[in-house]
Every structure is written in C-alpha cells, then in structure tokens.
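Beneath this line is the structure, given in structure tokens, with notes to follow.
Here, each number is a calculation from the coordinates, and none is a lab measurement. From a predicted model like this one, the values you see are computed outputs, not experimental measurements. Heads up, the Cβs are rebuilt from the backbone with ideal geometry, glycines too, and the neighbour counts pull from every protein chain shown.
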Amino acid sequence: MKVLRRAAIEGGRKIMEIYEADDFDVRAKSDDSPVTAADEAADAIISEHLRAAFPDIALVTEEQADSHDQTADRFLIVDPLDGTKEFIQRRGDFTVNIALVENGTPVFGVVYAPAKERLFYTRPDGQSVEETGAFDLETPGPTTEIHVSQPDNGALRVVASKSHRDAATDAYIGKYACADMKSAGSSLKFCLVATGEADLYPRLGRTMEWDTAAGDAVLRGAGGQMVRFDDHAPFTYGKDGFANVFFIAYAPGVDLKPA
C-alpha cells in the first residue's frame, strides 16, 4: 500500500500544479470525453511507480488504450484523474484512483482528492482509513478507521453524481424516504458512504472499472457493499473491456428497492 499511496499523492500534486495555473488545454478523446494535461501527467507519474514496483502485475489505466485489451486475474487499475469535468469547471470534486484487483474483487484501494485534501485507503489488513495531515510522501500522517453508517431506512442520506444525474436515477431515488440529498463528483461518492456521511449511492449510467475499483475497495473495507443494479448480485471486476453495469453502493443496513 505504501507504493499505491505515494503514487496517488505524487499524481495528485501534479494535478494541482495544473489546476492552479491560469489556464490549461482541454481536448476530446475518441469517445468524446474530455482529457487534460493533468490526466496525462498524473498517469505518467503513477504508471512509472507501479510498473517499477510491480513489474509482474498487469496494469490497466484509463489513459493508455492499449491496456484495455488485457485479461488477468490480478491487476492494478488506475484512473489518474477521475472527475475531469469537475476539474475543468474547477469544482474540486476530482480524485486519483488506484486499486489492486484479485479474482474479481478490489482488495486494496487508494482514493486521493487533492483539492479537498482528503485521502482514503485500505490498510493491508483490509480496514479502510482516512489519513489527515500533510500527506508526506514517506511518512503517513494520522489515520482514522472509517465505517459505514447504520441507516434509518425511514430517513436515508443519498449521494448521487454531480455531472451525470438523470431522470432514471431520480426515479430510483424516489423509491426511498430521503432525509438528505448530496451531489458529488468522482469516486468521492463511495468515500462518503464509506465514512457514514451518506447511506446510498445508486449509479444508473456508464462507468468503467477504473472509475469504481478504488472507491469500491475503500467502501468494502469500511463495511459497505456494492451490487449490480439489475439483480443486486455481487459486483465483480475484470469484465470484458473493463466496462461496468449499473450499480448500487450502500451501507448494508439499507433495505434495497428493486430496479
């Protein structure tokens, strides 16, 4: 985990250098999604760290299309800048995501939100923590174990996407009694459920495994769960092309409604 943590922090520092500049270029990828110099610079830093430390583990990263054709039971998966739209609009809700997947399950994950100064990761024993302090590269700061809530199903706190909210998502959320509704970008939504700041995060939209694996690992290490939206079956990784189905991330006390 030390390598993953350091790679995430270094990638996040490079992202912030570009974020705090007066201007930066935005281009469209082949799928029309935006990409910036920050995505690419962070990807280069993170990939260098991971390939040096783990040369025998497959590496899948959003910004390297040739890595998307791999198949492996054990792999590292990276989104160097999750929430590029939030980055472009300078809203701060973007993260660095790095995870290790084994046999379909994300077993370790790091989620770093540099603009929010929040850092979450799973310890080697599987427990998720939030680190505070200066985020020194060599010496971790104080950490606090994080745990999901014990929700009151009569008054749930829901978090949903800030940039990808749609009518189908609203219709599903409408099946629950909600005490509070948050909007957040990137994998921070998983972390809000993991820390008990929210109880439920449904996603009825296109995502890729690099968008979710690190946040999912943090959520699992805090006692949370993530399931398929359609049948509530376990959510797995290493799928063809690393494309996700719709999903629900939640605290286990939530009484899930059918799709």
* Directionally averaged shadow of the chain, computed from the convex hull of its alpha-carbon atoms, nm² -> 12.9 nm²
* Asked: How many angstrom separate the Cα center of region 24-55 from the Cα center of region 225-259?
  -> 27 Å
* Who wins for biggest fluctuation among Glu209, Glu17, Glu117 in a Gaussian network model of the chain, springs between alpha carbons below 10 Å? -> Glu17
* Output the relative contact order of the chain, whole-number percent, from Cα pairs under 8 angstrom with separation of 6+ residues. => 17 percent
* Rough spin-label spacing in nm, given labels placed 7 Å along Cα→Cβ, for His147 and Thr132 -> 1.8 nm
* Projected onto the charge dipole of region 156-250 (+1 at Lys/Arg Cβ, -1 at Asp/Glu Cβ, origin at the Cα centre), which of Ala198, Gly215, Phe247 gives the Cα projection farthest towards the positive end? -> Ala198
* **Fluctuation leader among Asn97, Asn244, Asn153 - the chain, Gaussian network, Cα springs under 10 angstrom** => Asn153
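Dividing the convex hull volume of the Cα atoms of region 2-145 by its residue count, what figure in Å³ per residue is obtained?
Given the Cα convex hull of region 2-145, per-residue volume reads 110 Å³.
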* Asked: What is the spread of the Cα atoms of region 135-249 along each of their three principal axes, largest first, in whole Å?
  -> 46, 37, 26
* Asked: Per Stokes-Einstein, at 37 °C and 0.692 mPa s, what whole-number D in µm² s⁻¹ belongs to region 52-108, with the Kirkwood radius over Cα pairs as the hydrodynamic radius?
  -> 263 µm²/s
* Asked: Which length gain, in nm to one decimal place, applies between Arg90 and Arg13 when the Cα-Cα distance is subtracted from 0.36 nm times their residue separation?
  -> 26.2 nm
* Asked: By a straight-distance test (C-alpha under 26 Å), which lysines pair with Lys85 as possible cross-link partners, with residues fewer than eight away in the same chain excluded?
  -> Lys14, Lys29, Lys116, Lys162, Lys182, Lys189, Lys239
* To do: Please find, in a Gaussian network model of the chain (springs between Cα atoms separated by less than 10 Å), the residue of Gly205, Gly196, Gly11 whose mean-square fluctuation is greatest.
  => Gly205
* **Glu117/Arg74 FRET efficiency (R0 25 Å; Cβ-Cβ; nearest 0.05)** => 0.20
* **Tyr172, Tyr112, Tyr201 arranged by Cβ crowding within 10 Å, fewest neighbours leading** => Tyr172, Tyr201, Tyr112
